Amino acid sequence: IDVHGPDAGAFLDRVYINTFSNLAVGKARYGLMLREDGLVYDDGTTSRLAEDHYFLTTTTAKAGPVMQHLEFCRQVLFPQFDVQLTSVSDQWAQFSVAGPKTRDLLGEIVDPAEDLSNEGFPFMGARQVALRGGIRARLFRISFSGEMAFEISVPARYGDALVRNLMIAGKQFGATPYGTEALGVMRIEKGHVAGPELNGTTTAADLGLGKMMSTKKDFVGRVMAGREALVAPDRQVVVGIKPTDRARRLRSGAHVIPKGEIPGSANDQGYVTSVCFSPTLDQWIGLALVERGRERIGEIVRAHDPLRSEDYDVELCNPVFYDPDGGRQRG
């Protein structure tokens, strides 16, 4: 979604919990927006391409609803702002290029005059670049997979040609297409929340993103997010989870029950939201929403799955399983 106008930054400050009016031109920032009831609505990255021009991305499933939400905010809640919104999903073809040899591959596509070094194009950078042959493209150094990654965007009519040339240029580097299953594994390894955690019942704090909530401005959902039930200390929050038996398969939907307790609604303390087998860690891992989960890191609990008649021990752990300092995506 393109956000244009002299009040574009001020408008985004009202719809996101964090601040975008102070984002430097040529930079991107992760953003989180709430519903009016204070629960998380959507997340994504927003890049500032010019003083009065931002480029906003949404989750795939919420592209349409977020556009409607933003238009409602623009027309009804904040009509005083001079800002225009345009859906440009069909205008751009955008591809993620991820992995340790990303710069080498992009160097074969992007004009040699462009500086793609860590100093010249740092993490969360965003700007227009020239491709070999003169076509202008947008390049964003953002990563959902936790690896070194860029996203490259060209006008839609060049999309087919770009992806074919990326594969040709990438052959020498072992480039291969990767799908949502692989991406899902990598995001769980990094503790990145997605649809199963942004399920319409979670707050920013539940997701570990409470510190993003600005205390210096107003935004949609700010007041309602402070309701007693939404800040209660026993809320279910996102934690990592892994079977104590490394050979054991972890399944999404299993209920978290205190060890030694009889499974039932009285003892249900949460559930497993996302799982995968991690080739990096050579075991099943997952994310879960668990009561007071962050206080209980290291605790052994039971995963109870009545649908599959399974019951086994799991450990609550830090949701960032791999590269916790983020060195791979910032290097």
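Beyond 35 Å, what share of the Cα-Cα pairs of the chain remains, rounded to the nearest whole percent? Display every interim value, and only then the final one.
On the way: 15655 of 54615 pairs.
Tail fraction, whole percent: 29.
Take the cross-link list LYS62/LYS242; LYS27/LYS216; LYS62/LYS259; LYS190/LYS216; LYS62/LYS216; LYS171/LYS242 and give me the ones stretching past 32 Å between alpha-carbons. Don't skip to the answer; put the middle values down first.
Working: LYS62/LYS242 30 Å; LYS27/LYS216 22 Å; LYS62/LYS259 38 Å; LYS190/LYS216 30 Å; LYS62/LYS216 28 Å; LYS171/LYS242 36 Å.
Violating the 32 Å Cα-Cα cut-off are LYS62/LYS259; LYS171/LYS242.
Restricting to Cα pairs below 8 Å that are 6+ residues apart, what does the relative contact order work out to for the chain? Please round to a whole percent.
On the way: 665 pairs, mean separation 56.6, N = 331.
Relative contact order of the chain: 17 percent.
Could you compute the net charge surrounding VAL220? Neighbours are other residues with a C-beta less than 9 Å from the C-beta of VAL220; K and R count +1, D and E count -1. Can you show the working numbers first?
On the way: positive: ARG14, ARG35, ARG222; negative: GLU36, ASP218.
Taking every Cβ under 9 Å from that of VAL220, the sum is +1.
Might you report the magnitude of the Cβ-based charge dipole of the stretch 1-128 about its Cα centre, with Lys and Arg at +1 and Asp and Glu at -1, to the nearest 20 debye? Please report the intermediate quantities before stating the final value.
Numbers: 10 positive and 18 negative charges, 58 e Å.
In debye, rounded to 20, the stretch 1-128 gives about 280.
Place a +1 charge on the Cβ of each Lys and Arg in the chain and a -1 charge on the Cβ of each Asp and Glu, then give the dipole magnitude about the Cα centre in debye, rounded to the nearest 20.
On the way: 38 positive and 42 negative charges, 88 e Å.
Dipole about the Cα centre, nearest 20: 420 debye.
Mind listing the long-range amide H neighbours of ASP7? Cut-off is under 5 Å, sequence gap 5 or more, other chains count too, H placed in the peptide plane at 1.01 Å from N.
ASP82
Kindly state, as a whole number, the per residue volume in cubic angstrom of the convex hull around the alpha carbon atoms of the stretch 245-313.
On the way: hull volume 6.4 nm³, N = 69.
Cα-based convex hull of the stretch 245-313, divided per residue, equals 93 Å³.
With θ set to phi - 60°, apply the Karplus curve 6.51 cos²θ - 1.76 cosθ + 1.60 along the stretch 42-47 and write out the HN-Hα couplings as whole Hz, x wherever there is a Gly or Pro.
My calculation for the stretch 42-47 gives 6, 9, x, 10, 10, 10 Hz in order.
HN-Hα J couplings of the stretch 243-249 from phi, Karplus 6.51/-1.76/1.60, θ = phi - 60°, integer Hz, Gly and Pro as x?
Each residue of the stretch 243-249 in turn: x, 5, 8, 4, 7, 7, 7 Hz.
Could the peptides 292-304, 211-223 be put in order, highest first, of the mean number of other beta-carbon atoms found within 10 Å of their residues? Before the final figure, lay out each step's value.
Working: 292-304: 17.3, 211-223: 14.5.
The packing order, highest mean first, is 292-304, 211-223.
Order 184-191, 249-256, 277-284 from most to least packed using the mean count of other Cβ atoms within 10 Å. Please report the intermediate quantities before stating the final value.
Numbers: 184-191: 21.0, 249-256: 19.0, 277-284: 14.0.
Ranking the peptides 184-191, 249-256, 277-284 by packing returns 184-191, 249-256, 277-284.
Under a 5 Å amide H to amide H cut-off, with H placed in plane at 1.01 Å, what residues pair with ARG235 once short-range neighbours are removed?
Long-range HN contacts for ARG235: ARG292.
Considering amide H positions built from the backbone, and no H for Pro or chain starts, which residues 5 or more places from PHE20, or on another chain, come under 5 Å of its amide H?
HN-HN under 5 Å from PHE20: ASP13.
Roughly how many whole Å is it from the C-alpha centroid of the stretch 168-209 to that of the stretch 81-144?
Cα centres, the stretch 168-209 to the stretch 81-144: 19 Å.
Add +1 for every Lys or Arg and -1 for every Asp or Glu among the other residues with Cβ under 14 Å from the Cβ of ASP82, and state the total. Don't skip to the answer; put the middle values down first.
Details: positive: ARG14, ARG74; negative: ASP7, GLU51, ASP52.
Result for the local shell: -1.
Mind putting together the pair-distance distribution for the stretch 200-320? All Cα pairs, 5 Å bins, whole percent per bin, short to long.
2, 11, 21, 22, 16, 12, 8, 5, 3, 1
In sequence order, what are the phi-derived ³J(HN,Hα) couplings for the stretch 57-67 according to the Karplus relation 6.51 cos²θ - 1.76 cosθ + 1.60 with θ = phi - 60°, rounded to whole Hz, with x for glycine and proline?
10, 10, 5, 4, 5, 9, 4, x, x, 5, 4
Which residue, chosen from PRO122, GLY133, TYR322, occupies the Cα position most advanced towards the positive end of the dipole of the chain, where the dipole is computed from +1 (Lys, Arg) and -1 (Asp, Glu) charges on Cβ about the Cα centre?
GLY133
For the stretch 2-86, what log10 I(q)/I(0) values come out of the Debye formula at q = 0.15, 0.16, 0.17, 0.27 1/Å, with one point per alpha carbon and no solvent?
These q points yield log10 I(q)/I(0) values of -0.47, -0.54, -0.61, -1.62.
With a ≥ b ≥ c taken as the square roots of the eigenvalues of the C-alpha gyration tensor of the stretch 189-249, please select rounded if a/c is under 1.5 and otherwise prolate if a/b is larger than b/c or oblate if it is not?
On the way: a/c = 2.87, a/b = 2.26, b/c = 1.27.
Note, shape of the stretch 189-249 comes out prolate.
Given the options GLY170, TRP92, ALA63, identify the residue whose Cα lies farthest towards the positive end of the charge dipole of the chain (+1 on Cβ of Lys, Arg; -1 on Cβ of Asp, Glu).
Towards the positive end, the residue furthest out is GLY170.
Binning every alpha carbon pair distance of the stretch 122-255 at 5 Å from zero, what are the percents per bin?
Over the stretch 122-255, the share of Cα pairs per 5 Å bin runs 2, 7, 12, 14, 15, 12, 11, 11, 8, 5, 2, 0 percent.
In what sequence, highest mean first, do 161-171, 227-237, 32-42 appear when ranked by Cβ atoms within 10 angstrom? Numbers along the way, then the final one.
Numbers: 161-171: 15.2, 227-237: 13.2, 32-42: 19.8.
By packing density, highest mean first, the sequence is 32-42, 161-171, 227-237.
Would you kindly calculate the translational diffusion coefficient of the stretch 61-176, applying Stokes-Einstein with the Kirkwood radius from alpha carbon pairs, for 20 °C and a viscosity of 1.002 mPa s, and quote it in µm² s⁻¹ without decimals?
Details: Rh = 15.9 Å.
Answer from the Stokes-Einstein relation: 135 µm²/s.
Let me know the charge dipole size of the stretch 233-295 about its Cα centre in debye, to the nearest 20, where only the beta-carbon of Lys, Arg (+1) and Asp, Glu (-1) is charged. Kindly include the intermediate steps, with their values, before the conclusion.
Working: 9 positive and 7 negative charges, 41 e Å.
For this selection, approximately 200 debye.
Out of all DSSP beta bridges in the chain, what portion is antiparallel? Express it as a percent rounded to 5.
So the antiparallel bridges in the chain amount to around 100 percent.
Let me check against my output: what whole-number percent is the relative contact order of the stretch 233-331, with C-alpha pairs under 8 Å and at least 6 apart? Walk me through the numbers before you get to the answer.
Values: 216 pairs, mean separation 35.2, N = 99.
Taking the mean separation of contacting Cα pairs over the length of the stretch 233-331, I get 36 percent.
Readers should treat all values here as calculations from the given coordinates under stated rules, not as data from a laboratory. Since this is a predicted model, take the numbers as computed values, not measurements. Glycine gets a Cβ as well: all are built from the backbone with ideal geometry, and neighbour counts include every protein chain shown.
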